[in-house]
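Report on the following structure.
The values are calculated or read from the model by the stated rules, or taken from the named source; none is laboratory data. None of these values were measured; they are calculated from a predicted model. As a convention, Cβ positions derive from the backbone with ideal geometry for all residues, glycine included, and neighbour counts pool all protein chains shown.
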């Protein structure tokens, strides 16, 4: 039984059909069907339930998928490790990032990094912190950059910087001309905030709840991205809390204003995290160190 057969089996499960798996593998449908039958003959059991219109794994198929996925990943990692040892620099580094770092910081750093290391291919995916950490734990990515807490003790983690979450308003908002406001002022205006699963929203609510009863805020607007919050606030729909990193350009251009709230200072760590591996890619440590040094040298992170 070869690696390709296990890979095709995984494709069928993940793509939902033999035809989709064949397309992904650049093979004909009969060729994939033959490989799946060979796999079933090898294990002397059915791996897919043929009575359903869609692809459904049997209990044996579910167990084999777990092992097949690991076999394929171990093989891919072995190829990369040996190529690295031989000096063949064709590695791909898969990075996951939460929205703030992924949308506003990492693209700039990746561009600079690839000028120094053009042979290393980087893939960046962006999601919220829980989804990024899940991808890391499931070995879909090599390295994660996230805000908030990293609670899994089985992950390597390091604080690379600190981030400030600030209150922003439109330049036309009455607060824009004030030196500061007090927490109770927040109750009478519309708050524009992220979705419930957002790590950013959680840390903001944790801090504000020490000063005010959040249930007394008269009006709220829930949006799914920081960019949407920025646009809504700039349009005068209310105030919002966002990372200062995400509004650097708007603050400098006068498109948004930062407002100080007496007694409320929200700061959070920015983490780089990876799985514990015996033979980790050299590029994992190389890129994470590069990001930390870049942030410090270019004064992107404010104290």
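Whether any residue in segment 106-118 is at pLDDT below 90, within 26 Å of residue 146 (Cβ to Cβ) and not in a helix (DSSP H, G or I) is what I want to check. Yes; the residues of segment 106-118 include at least one that is at pLDDT below 90, within 26 Å of residue 146 (Cβ to Cβ) and not in a helix (DSSP H, G or I). Restricting attention to segment 177-186, and to residues there that are over 33 Å from the mean Cα position of the chain (by Cα) and surrounded by 15 or more Cβ atoms within 10 Å (Cβ to Cβ), which single residue is nearest to residue 211 (Cα to Cα)? The extreme case among them is 185. Residues that are in a helix (DSSP H, G or I), outside the structural domain of residue 195 (by TED's automatic domain parsing), modelled with pLDDT of 90 or more and in contact with a helix residue (DSSP H, G or I) (Cβ under 6 Å, 6 or more places away or on another chain) do not occur anywhere in segment 78-96.
State yes or no: is residue 33 farther than 30 Å from residue 244 by Cβ, at pLDDT 90 or above and not in a helix (DSSP H, G or I)? The answer is no for residue 33. Within segment 1-18, restricting attention to residues that are in contact (Cβ under 8 Å) with a residue 60 or more places away in the chain and under 27 Å from the mean Cα position of the chain (by Cα), the residue that is nearest to residue 55 (Cα to Cα) is 10.
Count of segment 237-250 residues, restricted to those that are at pLDDT 95 or above and either farther than 25 Å from residue 209 by Cβ or more than 21 Å from the chain's Cα centre (by Cα) (or both), is 5.
Give the residue, chosen from 21, 68, that is touching a residue at least 60 places away in the same chain (Cβ under 8 Å), over 30 Å from residue 246 (Cα atoms) and surrounded by 18 or more Cβ atoms within 10 Å (Cβ to Cβ).
Values: 21 fails: touching a residue at least 60 places away in the same chain (Cβ under 8 Å).
Testing whether each residue is touching a residue at least 60 places away in the same chain (Cβ under 8 Å), over 30 Å from residue 246 (Cα atoms) and surrounded by 18 or more Cβ atoms within 10 Å (Cβ to Cβ) leaves just 68.
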